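Before any comments, here is the structure.
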Amino acid sequence: MATSFEVVYDRALTTIVDYKLDALAQSDYNNFLLYLQGILVRAIPDFNECFTDLSYDVTLETPSFTNNLSNKEINILAEIMVYDWFSGKINDVTQFQGHLNNKEFKVHSEAQNLKEKSEYLDRLREKYRQDITDYQLINISNISYFNV
């Protein structure tokens, strides 16, 4: 049985907390799924070390991969989705604009905020790259170089 995209979405959404996404899900669930589909389709090429073919069909009522993915493969794709989602948050133009300050509302420097977010993004990338390396080591017998 092929793995549905929604299985990967569910894993990613255990990490993603975004009130705008929640509002989109409440107001227009189909557009919410389409938004997540875009993030997942963007994430798939970043997992080119996958031993399972990551071909997919988005023309189905429920977009799915053509193959059944393991839990580890689903987790890695979900981590890459989180990375891509957070990358989009950092690239949001409002992150670069100044905010008004008053007595009740103080904002740390935008530069410092962006630096911290960029460092977190780097850690997210390191995490999913390490998980891909671990995945390859677990499946080392599938690497043709070692089957000589």
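The values are calculated or read from the model by the stated rules, or taken from the named source; none is laboratory data. All values derive from a computational prediction rather than experimental measurement. Counting neighbours? That spans all protein chains shown, and the Cβs are built from the backbone with ideal geometry, glycine included.
At-a-glance table
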| item | result |
| --- | --- |
| Qualifying residue in region 37-58 (condition: loosely packed, with under 12 Cβ neighbours inside 10 Å, more than 20 Å from Y135 (Cβ to Cβ) and of a type in the set (D, E)) | no |
| Lone qualifier among T15, T62 - being in contact with a strand residue (DSSP E or B) (Cβ under 6 Å, 6 or more places away or on another chain) and of a type in the set (V, I, T) | T62 |
| Region 42-65 - residue that is among the hydroxyl-bearing types (S, T, Y) and under 22 Å from W85 (Cα atoms) and, of those, modelled with the lowest pLDDT | T62 |
| Answer from N67, N31, N75 - the residue that is over 17 Å from the mean Cα position of the chain (by Cα) and touching a residue at least 12 places away in the same chain (Cβ under 8 Å) | N67 |
| Of the criteria (1) in a loop (DSSP other than H, G, I, E, B); (2) more than 28 Å from I140 (Cα to Cα); (3) at pLDDT 95 or above, which one N68 fails | (2) |
| Looking only at region 70-82, and only at residues there that are crowded, with 20+ Cβ neighbours inside 10 Å and hydrophobic (A, V, I, L, M, F, W, C), the one that is nearest to A12 (Cα to Cα) | A78 |
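Residue-by-condition table, conditions (1) assigned to a helix (DSSP H, G or I); (2) in contact with a helix residue (DSSP H, G or I) (Cβ under 6 Å, 6 or more places away or on another chain):
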site	(1), (2)
I16	no, yes
D22	yes, no
A25	yes, yes
F32	yes, yes
G38	yes, no
A43	yes, yes
L54	no, yes
T62	no, no
I74	yes, yes
